[in-house]
Amino acid sequence: MTDPTDDIPWETLAAFLAGELPPEEDARVHAWLAADSRNEELLAAVRAVWEGSAANRRHYDAEAMLRRLRATEPVRVQPARRFAAGAPRRPAWLGQALIAASLAGLAVGGWWLTSRWAGPRSAHSPSLTVKEYRTPRGQRLGLKLADGSSVMMGPASTLRVAAGYGAAGRSVELDGEAYFEVRHDAARPFSVRTEHTVARDLGTRFVVRAYRDEPITDVVVAEGKVAVGKGSPGAAAPLSPDSLLVQAGDRGRLAGDGQLVLARRANLDDYLGWTEGRLVFHDTPLPDALRRISRWYDVDVRLADSALGSRTLTASFHDEPAPEVVRLVAASFGLRVERDGSVFVLRRAAE
């Protein structure tokens, strides 16, 4: 696949940032920047990465800065304060993560540059309609949206943000898991649309978990309120008549049978612990727990016998490596582990 950054003149941008361009070239760069705000964002992002490294101050290599950003995990979150049930707090990672990862237009965690160097855009030039952010398994990504709202994406997730977000409406599409801290605006409601649901913010912080390979969609509120109803990506219809009002500490779930179910006093750690670098399970069906472990560590953990799927896991993991986590899970059920590279199979001890 062609890298969309290949035709950006990195040497020219480097010379521009270093103040070494002749007047005519300098004017061309200014025209390019004025033609599209994303070009300004690109240049600002490269400058920010370069200025963050004293070792690079002697030599302005813009392309090397982009390579450095690509090679860096989107957000390496450090352990922070625990979420206390009934008294959720803003995660300590959020401020630093947003500064590091709100570089709109740069390749971050699998989302690639869309601005291309072609001089000033004409009125007939194609424009980007959607920005798509992706996290591979084993990584998270912190983002800041145009309206000041913030997002932490979980592993193996995709978030789509329409061009012009915040101007007329505030709707995003999610496949996977994400934590949202929304700047409330009654005139422009914030909505998260998944394959089967829509969650509409009423001034809050909340998690949406909606992976396509899982039959259940969960919306868990840490603060404020969220209206949850049936819906689909791209649809602008109002919430379904059976929609739920999910308040702080509660969980709204769209079950596999299509029913919306409200659960009071949900275990917040189960749903928000991952934002602090912790995997927390409380009476979690074992197949669901293994899927989460697989996404978190970028491994493949399987059950040799589907009958084992009726068991539930209660555990918490933080800094343990994947093999140790799998070993501990297996030991808690009296199972043994067979490993082949990144594939772990849990079997009955007698097999």
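The values are calculated or read from the model by the stated rules, or taken from the named source; none is laboratory data. Being a predicted model, the structure only gives us computed values, none of them experimental. Neighbour counts run over all protein chains shown; Cβ positions are idealised from the backbone, glycine included.
For a quick check of your reading of the model, give me the residue pairs whose first member lies in segment 183-200 and is within 17 Å of Gln259 (Cα to Cα), whose second is among the hydroxyl-bearing types (Ser, Thr, Tyr), with beta-carbon atoms closer than 6 Å and at least 6 apart or on different chains. The qualifying pairs are Thr194/Thr217; His196/Thr217; Thr197/Thr217; Val198/Ser191.
Count of segment 311-351 residues, restricted to those that are among the polar types (S, T, N, Q) and without any contact (Cβ under 8 Å) to a residue 24 or more places away in the chain, is 1.
If you go through segment 269-286 and keep only what is out of contact with any strand residue (DSSP E or B) (no Cβ under 7 Å at 6 or more places or on another chain), in a helix (DSSP H, G or I) and not aromatic (Phe, Trp, Tyr), you end up with just Glu276.
Per the listing Arg302, Arg295, Arg265, Arg339, the residue uniquely crowded, with 19+ Cβ neighbours inside 10 Å and either on the phi < 0 side of the Ramachandran plot or assigned to a loop (DSSP other than H, G, I, E, B) (or both) is Arg295. A search for C-beta distances below 6 Å between a residue of segment 127-139 that is closer than 15 Å to Ala178 by Cβ and part of a strand (DSSP E or B) and any residue that is small (Gly, Ala, Ser) and at pLDDT below 90, counting only pairs 6+ apart in sequence or on different chains, returns Arg134/Gly110; Thr135/Gly109.
Just so you know, in segment 121-143 the residues that are modelled with pLDDT of 90 or more and of a type in the set (S, T, N, Q) include one that is nearest to the chain's Cα centre (by Cα), and it is Thr135.
Would you check if there is a residue in segment 202-211 being in contact (Cβ under 8 Å) with a residue 24 or more places away in the chain, surrounded by fewer than 16 Cβ atoms within 10 Å (Cβ to Cβ), touching an Asp or Glu at 6+ places or on another chain (Cβ under 8 Å) and hydroxyl-bearing (Ser, Thr, Tyr)? No, because not a single residue in segment 202-211 is in contact (Cβ under 8 Å) with a residue 24 or more places away in the chain, surrounded by fewer than 16 Cβ atoms within 10 Å (Cβ to Cβ), touching an Asp or Glu at 6+ places or on another chain (Cβ under 8 Å) and hydroxyl-bearing (Ser, Thr, Tyr).
For segment 312-336, taking the residues that are loosely packed, with under 15 Cβ neighbours inside 10 Å and in contact with a Pro (Cβ under 9 Å, 6 or more places away or on another chain), the one that is nearest to Leu286 (Cα to Cα) is identified as Thr312.
Scanning segment 202-242 for residues that are over 16 Å from Phe190 (Cα atoms), at pLDDT 85 or above and in a loop (DSSP other than H, G, I, E, B) returns Tyr211, Arg212, Asp213, Glu214, Pro215, Ile216.
Restricting to segment 141-176, count the residues that are touching a helix residue (DSSP H, G or I) at 6+ places or on another chain (Cβ under 8 Å), part of a strand (DSSP E or B) and not aliphatic (A, V, I, L, M). Looking only at that region, the number is 3. Between Ser306, Ser294, Ser310, the distinction of being at pLDDT 95 or above and small (Gly, Ala, Ser) belongs to Ser294 only.
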